[in-house]
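> Pasting a structure below so you can have a look.
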Amino acid sequence: MTTYRSAARARTGARGRRLPGGRTAPALGTRLLLALALAAIPLAAAPSALAAAERAPAAAGQSPRAAGQSPAVAERSPAAVKRFPAAAQGEAHAGAQERLRLPRPTGPFRVGAETLHLTDHSRRDPWVPEAGDRELMVSLSYPARSGGAGRERPYLTGEEARLLVEFQGRPGVDPARVAATRTHARTGARPAPGRFPLVLLSPGFTLPRATLTSLAEDLASRGYVVAAIDHAYESSGTAFPGGRTLTCVACERTDPETGDTPLAAVAEGRAADFSFVLDQLTGPRGAAGARTGGGDPALRPYTRLIDRERTAAAGHSIGGNASSAVMAADERVGAGVNMDGTFFAPVPAAGLGGRPFLMLGADAHHGPGGGDASWDTGWAALDGYKRWLTVTGTGHMSFTDLPVLGDQLGLEDPGAPLPGARSAEVTRDYLAAFLTLHLKSVPQPLLDGPTPQNPEVRFHRPRRS
């Protein structure tokens, strides 16, 4: 059982603008630098909403955009885990306005949802050590039985939505509408029978895990258990138990001008988080017969769903870099996906032990010889099945929920003209194909080359340099 810390203990005195309740957020200039660093895009070549907000805070007509310690140890001490009540996460629907909604999942299963608060007692928080042990919030999406009751999973709390909208430089967007976004998973839904592969998901730097909800729900509907992770102090705002909303202390620590921590440390720290969550859901490495998770009874209804021999890690932006980083540190992760993220922590020169990896990015800056050289060197180091795909008409945020919501809000982004619904469809289909091929051993012709049905998707096979 988790012992909740008080909000006062969790607060930090890091540099940056003060928020209500004593929390801090980095200044807009800091956020701009982070956005450009994580997207690896020159400002002149790819204007972002953060850049636009820096120049003209009230500018309209652009979609939301933002930038997105050691490797995991072999065995971890017991963790504290707590299911987080759904009633504490959501806010009432936003008045009489039409609700924003995510695309419906496309698979045959209904989707169940659970929210977990996990604490790793073997590590102090790297950003706010005085706050104590490393804490994570995890949204679990899983295949569920048809029928049954259950509440709709909330998208964000009102405070999380307010901070996200503020961080994106969108003063004209009503946070209550964002918080009330329609999702398709039900809390408390009975799990479907059987065992399913596990997919670990990590969002972009500064973004909450909710921005990958559409992808998580779709994968769950296709027969995967998905654990989307919020890493404490690395998002615009994440709700934790005890009435705490933790903001982005890591933004200050990694600021290119004033910070003292390289961005590679963010990816490596998230890799350790991935391994810890994997410990909790499947049992520590080397534990014989640990198929019911880390031993906490609260997790067993969900850990029984997981086939611990079939696990992948995927992420957006620096979360995608964390996917390759955890594969380098943890042999249990059998496949990985990087969605438009710079490899700040490089792929090891020796490769990833022959395991498969997918690189999926925006065509404007993540094609061969493009603006992010880490993809060229990363591709050369990958030593197993690999695919390098780019999508025309997309930007850095196109692999998240934000363009889907932005289109419904009437926001436009000339730098990423592909409609949000279409970018979500492409992201879901190609990730599902990759995971189905490698975690379920079902052939996927979609990955063999370009198709007339998907003219936006380009395949790249540069020679090893």
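> Looking at the range 119-137, which of the residues that are over 25 Å from Asp307 (Cβ atoms) and among the charged types (D, E, K, R) is surrounded by the fewest Cβ atoms within 10 Å (Cβ to Cβ)?
Among them, the one singled out is Glu130.
> Kindly provide the set of residues from the range 449-461 that are open to solvent by 40 Å² or more (accessible area, probe 1.4 Å) and in contact with a strand residue (DSSP E or B) (Cβ under 9 Å, 6 or more places away or on another chain), ordered by number.
Pro450, Arg458, Arg461
> Sticking with this one: Here are the criteria: (1) of a type outside the set (A, V, I, L, M, F, W, C); (2) open to solvent by 20 Å² or more (accessible area, probe 1.4 Å); (3) closer than 27 Å to Glu268 by Cα. Tell me which single one Thr106 does not satisfy.
(3)
> Among (1) more than 18 Å from Val457 (Cα to Cα); (2) in contact with a helix residue (DSSP H, G or I) (Cβ under 7 Å, 6 or more places away or on another chain), where does Ser374 come up short?
(2)
> Need at least 3 residues that are open to solvent by less than 10 Å² (accessible area, probe 1.4 Å) per element, so show me which strands (runs of 3 or more DSSP E) inside the range 138-232 make the cut, counting only ones lying wholly within it.
Output list reads 196-202, 225-231.
> From (1) part of a helix (DSSP H, G or I); (2) of a type in the set (Gly, Ala, Ser); (3) open to solvent by 20 Å² or more (accessible area, probe 1.4 Å), pick out the condition that doesn't hold for Gly393.
The single condition Gly393 does not satisfy is (1).
> Given the criterion at pLDDT 95 or above, assigned to a helix (DSSP H, G or I) and open to solvent by 50 Å² or more (accessible area, probe 1.4 Å), identify the matching residue among Asp383, Asp407.
Asp407
> Determine which member of the set Gly378, Gly336 is in contact with a strand residue (DSSP E or B) (Cβ under 9 Å, 6 or more places away or on another chain) and either assigned to a helix (DSSP H, G or I) or at pLDDT below 95 (or both).
After ruling out the rest, the residue left standing is Gly378.
> Applying the selection to the range 354-398, what residues are of a type in the set (A, V, I, L, M) and under 23 Å from the mean Cα position of the chain (by Cα)?
Answer for the range 354-398, where residues must be of a type in the set (A, V, I, L, M) and under 23 Å from the mean Cα position of the chain (by Cα): Leu358, Met359, Leu360, Ala362, Ala364, Ala373, Leu382, Leu389, Val391, Met397.
> Taking into account only those residues within the range 194-242 that are touching a Gly at 6+ places or on another chain (Cβ under 7 Å) and aliphatic (A, V, I, L, M), which is nearest to Val128 (Cα to Cα)?
Within the range 194-242, the match that is nearest to Val128 (Cα to Cα) is Leu207.
> Further question: If I ask for residues that are open to solvent by 10 Å² or more (accessible area, probe 1.4 Å) and in contact with a helix residue (DSSP H, G or I) (Cβ under 7 Å, 6 or more places away or on another chain), which ones from the range 430-442 would you list?
The answer is Leu437, Val442.
The values are calculated or read from the model by the stated rules, or taken from the named source; none is laboratory data. For clarity, every value in this text was computed on a predicted model and none was experimentally measured. So basically every Cβ, Gly included, is an ideal-geometry build from the backbone, and we count neighbours across all protein chains shown. Surface accessibility is based on the protein's heavy atoms, side chains included, excluding ligands, DNA and RNA. Shrake-Rupley method; radii C 1.70, N 1.55, O 1.52, S 1.80 Å.
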